[in-house]
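The values are calculated or read from the model by the stated rules, or taken from the named source; none is laboratory data. On a predicted model such as this, the values are computed, not experimentally measured, just so you know. No Cβ is skipped: glycine too gets one built from the backbone with ideal geometry, and neighbour counts run over all protein chains shown. Accessible surface is based on the protein model in full, side chains and every heavy atom, while ligands, DNA and RNA are left aside. Shrake-Rupley method; radii C 1.70, N 1.55, O 1.52, S 1.80 Å.
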Amino acid sequence: MRKPIIAGNWKLNKVPHEAVLLVNELKRDLIDVEYADIVVCPPFTALADVADTLTETNIAVGAQNLFWEDSGAFTGEISAPMLKDLGVVYVIIGHSERRQYFNETNETVNKRLRAALKHGLKPIVCVGENLAQRESNKTFDIIKDHCEGSLKGLSAEEMKGVVVAYEPVWAIGTGKTATPDQAQEVHVFIRGLLEKMFNKETAQSVRIQYGGSVTPDNITALMAQPDIDGALVGGASLKSVSFVAIVKGTKK
Ligand code: PGA
């Protein structure tokens with residue numbers, strides 16, 4: 001049994017005091033949840049305060065990116081040891097917005113992923129096709145390219161600690177969710193790829209989240225699919241009411 005994992009990707013939103021207000025509400029409403037792993041990913045500037053607020057709770061903190069070197073002359077970057085020191089547990093890697101606006105490639109995703117694993121951070125690696133790619137029937141080619149390129153060289157043991165997020169770019173922030181069947185189809189394909197790249201046991205144990213306009217209204221139908229193991233939530237993670245309802249929607 002794969003335990004559901006719901007992660008909130010706050011993107012470029014919330015200064016520290018707003019972030020602390022939100023996680024205090026989440027703490028209050030989600031304190032008893034044991035059926036799902038819960039993660040919040042604030043911007044770098046709010047990580048320290050959020051991590052302090054969530055110490056010894058069932059809500060883990062994630063970062064939205066990291067650099068692959070530990071330290072040195074890399075102005076503007078943040079490393080895995082820096083995140084670990086703050087109490088960060090998870091890190092999102094290769095989000096489509098980073099691929100689209102910040103020249104992220106499979107190669108750089110792979111470097112970040114290795115750095116995260118080396119330092120014991122739990123990576124959430126994002127893959128997904130855009131609208132033109134879906135409309136020209138290239139979805140599976142893109143997913144294969146993202147998975148093979150991003151996860152290259154990992155051992156099966158390392159892969160077991162990775163969460164994969166399938167996020168069709170056309171569904172992110174658009175209100176246009178993939179249907180549960182569309183998502184399930186790609187999740188099965190990803191699991192099949194993982195089986196070929198690693199082995200069956202690894203493929204069965206890796207959690208694959210769906211992301212793209214997840215709301216309290218569609219989470220239950222998505223979670224009813226056998227290969228959907230949780231969600232990476234953007235917009236709806238910025239308010240406690242909707243994020244709490246999404247977490248609660250994963251209860252079987
Ligand atoms: P959304 O974003 O839920 O606002 O569509 C999801 C994501 O980008 O992770």
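Of the heavy-atom accessible surface of segment 5-248 (probe 1.4 angstrom), what whole percent is carbon and sulfur?
Result for segment 5-248: 52 percent of the exposed heavy-atom area is carbon or sulfur.
For ASN58 and VAL15 in the same chain, what is the full-extension length gain: residue separation times 0.36 nm, less their Cα-Cα distance, in nm?
Taking ASN58 through VAL15 to full extension adds about 13.2 nm, to one decimal.
FRET efficiency for LYS27 and ASN137, Cβ-Cβ distance as r, R0 = 35 Å, nearest 0.05?
Working from the Cβ atoms, E equals 0.20.
Which pairs in the list LYS3/LYS144; LYS84/LYS196; LYS152/LYS196; LYS84/LYS111; LYS144/LYS200; LYS176/LYS239 are over 23 Å apart, alpha-carbon to alpha-carbon?
LYS3/LYS144; LYS84/LYS196
Rounded, prolate or oblate, given the Cα gyration tensor of the chain, with a/c below 1.5 counting as rounded?
Because its axes are fairly even, with a/c under 1.5, the chain counts as rounded.
Just to confirm, what accessible area per residue do you get for the chain at 1.4 Å probe, in whole Å²?
45 Å²
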